[in-house]
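K.L.:
Structure provided below as structure tokens; questions to follow.
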Amino acid sequence: MSKLEQLRKEKGIGQSAFAESLGIASSTYCQYEKGARMIPVSTAIEIANLLSVKVEDIFLPVKFTVSK
């Protein structure tokens, strides 16, 4: 499960409803969740806003620390 899918489900929003709130087709949004399609920056920002999180919390790789 992608981070995007996880956060959407935690909010209790279905894929179709979420896609509609973004003004995109459900099939397009489904491809975003599966990582099969690149997400435009403007859409990524809108997704983060709808989920009340930062863009980097959804779309950046797992955080890590570097030791000396």
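K.L.:
Report the Stokes-Einstein translational diffusion coefficient (µm² s⁻¹, integer) for segment 3-55, Rh taken as the Kirkwood radius over Cα pairs, at 4 °C with viscosity 1.567 mPa s. The partial results should precede the final answer.
P.N.:
On the way: Rh = 10.9 Å.
Value of D from the Cα-based Kirkwood radius: 119 µm²/s.
K.L.:
Would you work out the relative contact order for the chain, in percent, from Cα pairs under 8 angstrom that are 6 or more residues apart?
P.N.:
29
K.L.:
Then there is this: When the helices in the chain are scored as -39500 (n - 2.57) per DSSP H run of 4 or longer and the sum is shared across all residues, what 222 nm value do you end up with, to the nearest 500 deg cm²/dmol?
P.N.:
-16500 deg cm²/dmol
Every read-out reported here was derived from the displayed coordinates using simple, explicitly stated rules and does not represent laboratory data. What you see is a predicted model, and the numbers here were worked out from it, not measured in a lab.
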